[in-house]
Amino acid sequence: MDTKTIIETAEEKLIHTYNRYQIVLDRGDGVRLYDTDGKEYLDFGAGIAVFALGYNNREYNDALKAQIDKLIHTSNYFYNEPSVLAAKAVTAASGMDRVFFTNSGTEAVEGAIKLAKKYAYLKDGSTDHEIIAMEHSFHGRSMGALAVTGNRHYQEAFGPMIPGIKFAKYNNLDSVKELVSDKTCAIIFETVQGEGGVYPAEPEFIEGVRKLCDERGILLILDEIQCGMGRTGSMFAYQQYGVKPDIVTVAKALGCGVPVGAFLASEDVAKALVPGDHGTTYGGNPLACAAAVKVFELFDKLGVLENVRRTGAYLTERLEELVNKYDIVKERRGVGLIQGIELTVSPKEVIAKALEKGLILFSAGTNVIRFVPPLVITESDVDEMIEKLGEALSEVV
Ligand SMILES: *Cc1c(COP(=O)(O)O)cnc(C)c1O
């Protein structure tokens, strides 16, 4: 199909849940993508924080091909080696004891909520437990994950939401304390809010919530679907605060493109789920888990964390220059390779202009341009991005 036909057919046949750019992506290599007309794009979106290793990594591709030829799917009534290797890798990296593999981030959140509810149920036998979530959070689009997503627009048409969810203000410990009751079974938030506009948790907030949870017997669920897997410079963002959650959700970069997510828990919490409580047909299949195993291996081999810390510091520096140079750039936020600049105007036009110049960027919140590139970018990729973004900003001012 030619480019025009692909776009026209997509608009005819796909349910219109996205306003797409008029571009058909065809292939990727490293930190670059190419469309069907051969135009090159520097990718600072990584398929929304997914392709941490960049595109077309030989070793990753070969591992997948080998697994395809061996076994793609079985069922969870049998063991398979890739899922065990992936479980070992992700529990070691997170410091958690047990894992349940899912097919997406949303399902990881869904499972985390169910686990928290079951744990509380086993403790007091009641079935009306409450969860505290945060305003401007994003946890996914299924009914459970949507119910803890603090975005009225996403929820409105789909009510009623599951009951017992209360929303506190992110980075405001008092607002959380006000909502705690004897019914509260869990507090859930992103260690770095992504979709909401790139807001890292303040140390006093995350430490304070942990303490509150310990005092009141509440589970702390950290959603690291976007900020986890090395993006902040440590394998998981909470590790930089010295805080450990009871349950953590992971996805996006876990499979680096192959759909796989997970929720992990400490031993004491994990054992609340027993056969019959939760399940999935695809989750933990050998192909998805072979991808995750290779991802952890390549993180080590390529020194990904070290690269994130180095290029993340450089990105910080270069973004601060934009704050100083352009009146419409209000501030920079974020850490490592999850960063954002808040504009005084909608970022739509800037992002569209950047795209014309061959630079892919995503927005977050209302006025934020988000930077979530592959974790293997170099300082010269950052320079190229800043140059193109600078041109785009100049044209909009
Ligand atoms: C993307 C995201 C999700 C949802 O993950 P999907 O794979 O799209 O279902 C949940 N939480 C956070 C923090 C995310 O960034």
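Worth pointing out:
- Criterion (closer than 24 Å to residue 148 by Cβ and open to solvent by 10 Å² or more (accessible area, probe 1.4 Å)) met by exactly one of 242, 283, 261, 217: 217
- Beta carbons closer than 6 Å, at least 6 apart along the sequence or on distinct chains, pair a first residue in the range 71-94 that is touching a residue at least 60 places away in the same chain (Cβ under 8 Å) and under 13 Å from residue 282 (Cβ atoms) with a second that is buried (at least 16 other Cβ atoms within 10 Å of the Cβ) and among the aliphatic types (A, V, I, L, M) for 72/287.
- Candidates 162, 132, filtered to the one that is surrounded by 19 or more Cβ atoms within 10 Å (Cβ to Cβ) and of a type outside the set (Gly, Ala, Ser): 132
- Residue in the range 50-72 that is outside the structural domain of residue 185 (by TED's automatic domain parsing), open to solvent by less than 30 Å² (accessible area, probe 1.4 Å), at positive phi and out of contact with any Pro (no Cβ under 6 Å at 6 or more places or on another chain) present: no
- Against the criterion of being away from the ligand (no atom under 16 Å from the Cβ), more than 30 Å from residue 161 (Cβ to Cβ) and in a strand (DSSP E or B), residue 53 does not qualify.
- Counting the residues of the range 199-214 that are open to solvent by less than 10 Å² (accessible area, probe 1.4 Å), outside any loop (DSSP other than H, G, I, E, B) and within 16 Å of the ligand (Cβ to nearest atom) gives 1.
- Output for the range 227-254, where each listed residue is within 11 Å of the ligand (Cβ to nearest atom), out of contact with any Asp or Glu (no Cβ under 7 Å at 6 or more places or on another chain) and not in a helix (DSSP H, G or I): 228, 231, 251
- Pairs are defined by a Cβ separation below 6 Å, a sequence spacing of at least 6 or placement on different chains, a first member in the range 125-145 that is within 25 Å of residue 171 (Cβ to Cβ) and near the ligand (Cβ under 8 Å from one of its atoms), and a second member that is open to solvent by 40 Å² or more (accessible area, probe 1.4 Å) and among the acidic types (Asp, Glu); the pairs so defined are 138/195; 145/110.
- Qualifying residue in the range 326-342 (condition: in a helix (DSSP H, G or I), in contact with a strand residue (DSSP E or B) (Cβ under 8 Å, 6 or more places away or on another chain) and open to solvent by 40 Å² or more (accessible area, probe 1.4 Å)): no
- In the condition set (1) under 22 Å from residue 365 (Cα atoms); (2) more than 12 Å from the ligand (Cβ to nearest atom); (3) open to solvent by 10 Å² or more (accessible area, probe 1.4 Å), residue 196 is compliant with all but (2).
- Among residues of the range 37-48 that are in a helix (DSSP H, G or I), those with a Cβ under 6 angstrom from a residue that is within 12 Å of the ligand (Cβ to nearest atom) and modelled with pLDDT of 95 or more, sequence gap 6+ or separate chain, pair up as 46/372.
The values are calculated or read from the model by the stated rules, or taken from the named source; none is laboratory data. In this text, all values refer to a predicted model and were calculated from it rather than measured experimentally. Glycine gets a Cβ as well: all are built from the backbone with ideal geometry, and neighbour counts include every protein chain shown. Surface areas here come from the heavy atoms of the whole protein model, side chains and all, with no ligands, DNA or RNA. Shrake-Rupley method; radii C 1.70, N 1.55, O 1.52, S 1.80 Å.
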